[in-house]
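The values are calculated or read from the model by the stated rules, or taken from the named source; none is laboratory data. The model shown is predicted, which means the values in this text are computed figures rather than measured ones. Glycine also receives a Cβ, built like all others from the backbone with ideal geometry; neighbour counts cover every protein chain displayed. Heavy atoms of the whole protein, side chains included, go into the accessibility calculation; ligands, DNA and RNA do not. Shrake-Rupley method; radii C 1.70, N 1.55, O 1.52, S 1.80 Å.
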Amino acid sequence: MEFSHYVALGDSMSIDLYPALDAGEIDVAVALERVTSAGQVAALGAASLFYRNDEARWPEEIGNDLSSRFPAIEYTNLAVDGATIGDVFGEQLAQLEASDEPTLLTLTAGSADLFSAFGNRPKRGLLDHIARDVAEAFDFIVNSLRGARPNSLLIVSTIYDPSDRTGRIPGVYDSAGPLPLRALDYLNHSIRSIAHGTPGVLLGEVYGHFLSHGITAPEADRWYWRRSPVEPNARGASEIRRVWMEALTAAEVLEEER
């Protein structure tokens, strides 16, 4: 399919802010206020790199981006820092007009809901209920996107685990004890099931790709921002877009073989 538009939806996994902060390629006002409208922010987030590679920073990815494959493609990033699954549905989806335009979509959602729940230390039954609700809402968003853009291809992403299965992220929820990773596992399983069971939806296996690049790795090998290790650093953003591009490439190869 020759896509004419790429739209990114979701949370901080898709935005430029934290990768640009990590790289030091950001205006001082933005760094101080953490508001992207306060100044210039380098296009180093996963969605921006997926659309157009930063050739100076990532020369090995030259030509491996959407603007190279589809020269006329347009780009819109609706993702917002800290967006919950409700924010994606209530605010971002509302900005996506219904259209038959051939559209490529990416969706990163659910992590803000889970990590917020972890911080509140809910009882197991309540946390399980939250995870089910988020999974159902994720499925609803996928169906809504497919309805609004029937000629689209959607890449959904599993949620990474900065603790590398230890359940601990230093500086984040230290007083909460080991994080209940079963909720993360449940949501990721649901996201995989949605991707495998829905036409026009591909899986971006971010979770598996990021394992061993969190708290258990030497700092130089980590893909999370050191000041807030639940956010991707510059390398992490590049690796998310790598996962997306691999999913897209595999789908294109499969289509050619049919």
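If ligands, DNA and RNA are left out, what is the accessible area of Glu55 with a 1.4 Å probe, given in Å² to the nearest 10?
110
What residues qualify as long-range amide H neighbours of Tyr224, i.e. H under 5 Å apart, gap of 5 or more or another chain, H built at 1.01 Å from N?
Correct list: Asn233.
Quick one: P(r) of the stretch 186-254 from all Cα-Cα pairs, 10 Å bins, percents rounded to integers, in order of increasing distance.
Bin by bin from 0 Å, the calculated values are 19, 43, 29, 9, 0.
Ignoring any ligand, DNA or RNA, what whole percent of the accessible area of the stretch 145-205 comes from carbon and sulfur when the probe is 1.4 angstrom?
Carbon plus sulfur share of accessible area: 55 percent.
When the chain is fully extended, how far beyond the present Cα-Cα distance does Ala148 get from Arg192, taking 0.36 nm per residue of separation?
Extra length from Ala148 to Arg192 when fully extended: 13.7 nm.
Using θ = phi - 60° and the Karplus form 6.51 cos²θ - 1.76 cosθ + 1.60, what ³J(HN,Hα) does each residue of the stretch 55-72 get, whole Hz, x for Gly and Pro?
After applying 6.51 cos²θ - 1.76 cosθ + 1.60, I find 5, 6, 7, 10, x, 5, 9, 4, x, 9, 8, 5, 5, 7, 6, 10, x, 9 Hz.
Given H placed 1.01 Å from N in the peptide plane, which residues other than close sequence neighbours of Leu153 have an amide H under 5 Å from its amide H?
Correct list: Thr103, Leu104, Leu105.
Let me see the P(r) profile for the stretch 149-191: every Cα-Cα distance counted, bins of 10 Å, each bin given as a percent of all pairs.
25, 40, 21, 11, 4
How high is the relative contact order of the chain, given as a whole-number percent (alpha carbon pairs under 8 Å, six or more residues apart)?
The value is 23 percent.
Kindly report, to the nearest 10 Å², the accessible surface of Thr166 as traced by a 1.4 Å probe over protein heavy atoms only.
70
Per residue of the chain, what 222 nm ellipticity follows from adding -39500 (n - 2.57) for every DSSP H run with n ≥ 4, rounded to the nearest 500?
The helix-only estimate for the chain comes to -12000 deg cm²/dmol at 222 nm.
Order Leu96, Leu211, most accessible first, counting only protein heavy atoms with a 1.4 angstrom probe.
From most exposed to least exposed: Leu211, Leu96.
Carbon-plus-sulfur fraction of the accessible area of the stretch 40-82, 1.4 Å probe, in percent?
The nonpolar share, carbon plus sulfur, comes to 48 percent.
Which order do you get for Met1, Met13 if you rank them by accessible area with a 1.4 Å probe, largest at the top?
Met1, Met13
Considering only protein heavy atoms, what per residue accessible area in square angstrom results for the chain with a 1.4 angstrom probe?
45
Take the alpha-carbon centre of the stretch 184-258, take the same for the stretch 79-100, and report the distance between them in whole Å.
Each part's Cα centre sits 20 Å from the other's.
Beyond 30 Å, how much of the Cα-Cα pair distribution for the chain remains, as a whole percent?
Tail of the P(r) past 30 Å holds 24 percent of the pairs.
Taking loop as defined by DSSP and a crowding limit of 12 other beta carbons within 10 Å, which trypsin sites (Lys or Arg not before Pro) in the stretch 100-194 fit?
Answer by residue number: Lys123.
What helices does the chain have that are whole DSSP H segments, at least 30 Å long along their own axis by Cα, and with mean Kyte-Doolittle hydropathy of 0.0 or more?
What comes out of the filter, once short or polar helices are dropped, is 124-148.
With a sphere of radius 12 Å drawn around the Cβ of Gly119, what net charge do the other residues whose Cβ falls strictly inside it have (Lys, Arg +1; Asp, Glu -1)?
Result for the neighbourhood of Gly119: -1.
Around Asp185, what is the net charge, scoring Lys/Arg as +1 and Asp/Glu as -1 over all other residues with Cβ under 11 Å from its Cβ?
+2
Compute, for Asp174, the solvent-accessible surface of its heavy atoms (probe 1.4 Å) with the complete set of protein chains present, and express it in square angstrom to the nearest 10.
100
Report the relative contact order of the stretch 54-146, percent, no decimals, based on alpha-carbon pairs under 8 angstrom and at least 6 residues apart.
It rounds to 27 percent for the stretch 54-146.
Rule-of-thumb check for the stretch 1-141: C-alpha Rg over 2.2 N^0.38 Å?
For the stretch 1-141, the normalised Cα radius of gyration is 1.18.
Report relative contact order for the stretch 129-258 in percent, whole number only (criteria: Cα-Cα under 8 Å, sequence separation at least 6).
Once normalised by length, the contact order is 27 percent.
What's the FRET efficiency of Ala217 with Asn120 using the Cβ-Cβ distance as r and R₀ = 25 Å, to the nearest 0.05?
0.35
Which far-off residues, 5 or more places away or on another chain, put their amide H under 5 Å from the one on Gly204, with H placed in the peptide plane?
Long-range HN contacts for Gly204: Val156, Ser157, Thr158.
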